[in-house]
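The values are calculated or read from the model by the stated rules, or taken from the named source; none is laboratory data. Predicted model only: the values in this text are computed from it and were never measured. Neighbour counts are summed over all protein chains in view; Cβ atoms, including those assigned to glycine, are modelled from backbone coordinates with ideal geometry. We work out accessible area using only protein heavy atoms, side chains counted, and drop any ligands, DNA or RNA first. Shrake-Rupley method; radii C 1.70, N 1.55, O 1.52, S 1.80 Å.
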2 protein chains.
Amino acid sequence: MALIDEIREQPAVVERLLQRAGHELEPVARLARRNRIDYAFIAARGSSDHAGVYAQYALGGIGGLPVALATPSLFSRYDAAPRLRRCLVVGISQSGQSPDVVAVLEEARRQGARTLAMTNDPASPLAAAAETVLDIGAGPERSIAATKTYTAQLAALAALAVALGPSRERHEALARLPQHMAEGLRDEDGPSELAAGYGDMDECIVVGRGYNLATALEWGLKLKELALIRAQAYSAADYAHGPIASFQAGGHVLAVVAHGALHDDVAALLERLTEERRARTLVLAADRAGGATLAFPDRLPEWLSPLLAILPAQLFTAALTEIRGLDAEHPRGLAKVTLTR
Amino acid sequence: MALIDEIREQPAVVERLLQRAGHELEPVARLARRNRIDYAFIAARGSSDHAGVYAQYALGGIGGLPVALATPSLFSRYDAAPRLRRCLVVGISQSGQSPDVVAVLEEARRQGARTLAMTNDPASPLAAAAETVLDIGAGPERSIAATKTYTAQLAALAALAVALGPSRERHEALARLPQHMAEGLRDEDGPSELAAGYGDMDECIVVGRGYNLATALEWGLKLKELALIRAQAYSAADYAHGPIASFQAGGHVLAVVAHGALHDDVAALLERLTEERRARTLVLAADRAGGATLAFPDRLPEWLSPLLAILPAQLFTAALTEIRGLDAEHPRGLAKVTLTR
């Protein structure tokens with residue numbers, strides 16, 4: 001199955017997952033609602049780590065649960081694991097194979113912490129190490145670059161957030177997600193035609209903030225892995241207070257300008273780069289506000305927007321990879337399963 | 001006072017700080033040792049955020065305390081602060097002015113969490129918001145790029161780590177730190193002469209892992225802010241499993257190859273990039289292992305190495321800034337005090 005097919009599958013994958021994720025995660029969520037769990041401790045790598053960044057906002061902002069992103073080498077290499085008390089330790093990994101992520105879950109379980117694996121392989125070492133397993137059920141992902149397993153992980157985390165902080169409004173918004181994702185993928189020609197103008201882009205920055213910092217990081221990684229573009233992804237807040245000094249006049253800026261609390265902040269950075277440094281901008285946004293825009297549907301609340309915003313970015317990157325004469329199925333020097341010790 | 005003077009001051013600043021930090025942090029550390037605090041929740045931006053990355057390893061690996069890095073916008077912009085139970089909320093900021101970091105501490109205090117400010121201004125809003133204040137006492141830092149306040153923050157966190165996990169060996173190592181820092185700054189000519197060969201470097205990657213991931217991030221930021229080099233900093237583990245695809249043949253790699261558990265991993269990545277992609281390498285290391293090397297003293301345990309490794313990197317970057325004809329005191333488009341809402 002080709003990359004484009006895996007991109008197209010996403011609404012169906014998320015729909016299947018949402019039919020059972022809330023139910024399967026309820027026992028874990030109940031512990032947190034009853035104050036038996038005080039924070040989440042998430043171990044992940046690569047795209048799964050970007051899902052972890054989404055979790056910081058979704059579990060924190062919707063579910064009220066603070067999130068710590070693990071530094072797995074303390075467990076796997078330094079033999080210096082911290083004490084994990086009153087926390088839910090979550091391993092996120094498509095393959096469930098990475099030894100360092102497995103090491104975090106194994107140590108957490110040894111210490112008596114609650115453990116949860118979110119993986120595409122319920123027979124993996126990660127699943128074996130965890131007390132509770134959520135099979136994200138995305139089906140085989142053959143392309144090296146993660147697409148449907150990334151959005152499935154986001155959907156699983158959104159379902160966990162709603163289970164932690166339930167309301168009728170949130171349940172309804174989540175239930176509408178798959179149809180909005182399908183709508184967001186309907187136009188494949190738009191992103192593809194836009195990509196035609198970027199065949200010679202060799203480097204760029206990608207900025208986002210808040211819920212869509214994860215989108216900027218994930219888009220940046222896809223651009224690097226597939227299209228071999230030296231993309232630097234940043235929080236718009238961090239970028240404006242340091243890295244911006246090094247921005248090259250006339251360079252490319254890709255920005256995720258989602259609706260919501262931080263819309264104006266990202267837009268202001270974009271304006272500054274355009275006016276002061278003649279930046280060439282490409283905007284991933286709900287509103288087609290002039291210039292080059294990849295649009296995504298915005299009729300769901302901001303906390304679900306990362307599941308919609310990434311879709312045209314995936315289509316754009318897949319098309320750009322082809323335009324640049326590269327092989328989307330076999331990126332240079334990469335293996336599908338990450339084995340970090 | 002010029003940047004180079006602030007760089008030179010660092011051993012004295014750290015020596016003064018270490019004379020009182022352990023004592024001042026003892027009440028907070030005691031709460032954690034008695035299991036009244038289960039994790040640290042750190043809010044910071046820029047170089048202070050890199051100190052937060054060091055804290056993940058130092059508090060976690062030496063002090064046994066897991067660390068969550070805050071996403072301040074949940075507090076300052078989304079009005080969706082998570083519940084902060086049984087945690088120590090730490091704000092790290094040179095100026096103590098950034099509204100988003102202050103918002104985290106104010107909300108934490110409102111919720112009844114323990115709060116600690118590490119700041120260079122005990123009269124700042126951040127200090128006013130916190131129950132416990134550690135004045136890092138670095139004296140006025142006039143240069144826009146943080147140097148002595150960064151290492152002072154690392155030293156404060158190292159002192160907290162030792163207070164959390166005390167041992168005679170650790171106290172002794174910490175006490176020897178200032179003299180090793182002074183030794184590491186003795187040779188200013190070496191980094192300066194090396195920098196002469198990098199005047200035309202416009203972009204590079206900077207890699208590190210474990211305790212010295214913070215060093216890679218901080219070096220990368222200095223290169224961007226001062227020398228206007230488009231430096232992308234990465235964990236060596238993350239870089240090898242995705243971003244590496246986009247590495248440009250013949251490009252520059254700057255690597256922090258500290259002694260300790262992850263030495264061979266970073267060295268292996270460097271070898272791979274050299275053999276497969278003809279990378280031009282510059283190594284920040286204890287051992288002068290051929291090629292371009294910035295050396296730092298390695299006779300302290302690895303957990304203190306970030307305080308030593310950054311010193312020649314600062315000297316190199318300051319010299320490179322001059323070589324490139326840039327103004328180290330007033331980087332392009334930056335202000336000293338970061339005011340992120």
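Things to note:
- Residues satisfying the stated conditions in segment A:295-317, i.e. at pLDDT 95 or above and either open to solvent by 40 Å² or more (accessible area, probe 1.4 Å) or farther than 27 Å from B:D100 by Cβ (or both): A:P301, A:L311, A:P312, A:Q314, A:L315, A:F316, A:T317
- Members of segment A:140-189 that are assigned to a helix (DSSP H, G or I) and surrounded by fewer than 16 Cβ atoms within 10 Å (Cβ to Cβ): A:R168, A:E169, A:H171, A:E172, A:A175, A:R176, A:Q179, A:E183, A:D189
- Output for segment B:263-291, where each listed residue is within 12 Å of chain A (Cβ to nearest Cβ) and over 25 Å from A:L226 (Cβ atoms): B:H263, B:D264, B:D265, B:V266
- Answer residue from segment B:65-76, given it is more than 7 Å from every other protein chain (Cβ to nearest Cβ) and touching a residue at least 40 places away in the same chain (Cβ under 8 Å) and is nearest to the chain's Cα centre (by Cα) among those: B:P72
- Looking only at segment B:103-117, and only at residues there that are under 23 Å from B:E24 (Cα atoms) and not in a helix (DSSP H, G or I), the one that is farthest from the other protein chains (Cβ to nearest Cβ): B:A117
- Scan of segment A:206-225 for residues that are open to solvent by 10 Å² or more (accessible area, probe 1.4 Å), of a type in the set (A, V, I, L, M) and either at the interface with chain B (Cβ under 9 Å from one of its Cβ atoms) or touching a Lys or Arg at 6+ places or on another chain (Cβ under 8 Å) (or both), ordered by number: A:L213, A:L221
- Filter result for A:L228 (facing chain B (nearest Cβ under 9 Å), touching a residue at least 60 places away in the same chain (Cβ under 8 Å) and either among the aromatic types (F, W, Y) or assigned to a loop (DSSP other than H, G, I, E, B) (or both)): yes
- Test: residue in segment B:159-167 that is in contact with a Pro (Cβ under 7 Å, 6 or more places away or on another chain) and in contact (Cβ under 8 Å) with a residue 40 or more places away in the chain: no
- Conditions (1) open to solvent by 30 Å² or more (accessible area, probe 1.4 Å); (2) within 11 Å of chain B (Cβ to nearest Cβ); (3) touching a residue at least 24 places away in the same chain (Cβ under 8 Å); (4) in contact with a helix residue (DSSP H, G or I) (Cβ under 6 Å, 6 or more places away or on another chain): number failed by A:R86: (4)
- Criterion violated by B:P243 - all others in (1) in contact with a strand residue (DSSP E or B) (Cβ under 9 Å, 6 or more places away or on another chain); (2) facing another protein chain (nearest Cβ under 9 Å); (3) open to solvent by 40 Å² or more (accessible area, probe 1.4 Å) satisfied: (3)
- Matching entry among B:D100, B:D79 (being open to solvent by 20 Å² or more (accessible area, probe 1.4 Å), within 23 Å of A:Y211 (Cβ to Cβ), more than 7 Å from every other protein chain (Cβ to nearest Cβ) and outside any strand (DSSP E or B)): B:D79
- Picking from residues in segment B:271-286 that are open to solvent by 20 Å² or more (accessible area, probe 1.4 Å) and touching a strand residue (DSSP E or B) at 6+ places or on another chain (Cβ under 8 Å), the one that is farthest from B:E183 (Cα to Cα) is B:T274.
- Matching residues, segment A:16-55, being in a helix (DSSP H, G or I), facing chain B (nearest Cβ under 10 Å) and open to solvent by 10 Å² or more (accessible area, probe 1.4 Å): A:S47, A:D49, A:V53
- Conditions (1) closer than 29 Å to A:A216 by Cβ; (2) open to solvent by 20 Å² or more (accessible area, probe 1.4 Å); (3) touching a strand residue (DSSP E or B) at 6+ places or on another chain (Cβ under 9 Å); number of the one not met by A:G91: (2)
- Residue in segment A:325-341 that is open to solvent by less than 60 Å² (accessible area, probe 1.4 Å) and away from chain B (no Cβ under 14 Å) present: no
- Inter-residue pairs, beta-carbon under 8 Å, first under 10 Å from A:L157 (Cβ atoms) and among the hydroxyl-bearing types (S, T, Y) and in segment A:30-56, second assigned to a helix (DSSP H, G or I) and open to solvent by less than 20 Å² (accessible area, probe 1.4 Å), 6+ apart: A:Y54/A:L154; A:Y54/A:L157; A:Y54/A:Y211; A:Y54/A:A214; A:Y54/A:P306
- Filter pass, B:G260 being more than 19 Å from the chain's Cα centre (by Cα) and facing another protein chain (nearest Cβ under 10 Å): no
- Search result, residues across segment B:246-268 that are surrounded by fewer than 24 Cβ atoms within 10 Å (Cβ to Cβ), assigned to a helix (DSSP H, G or I) and touching a residue at least 40 places away in the same chain (Cβ under 8 Å): B:D265
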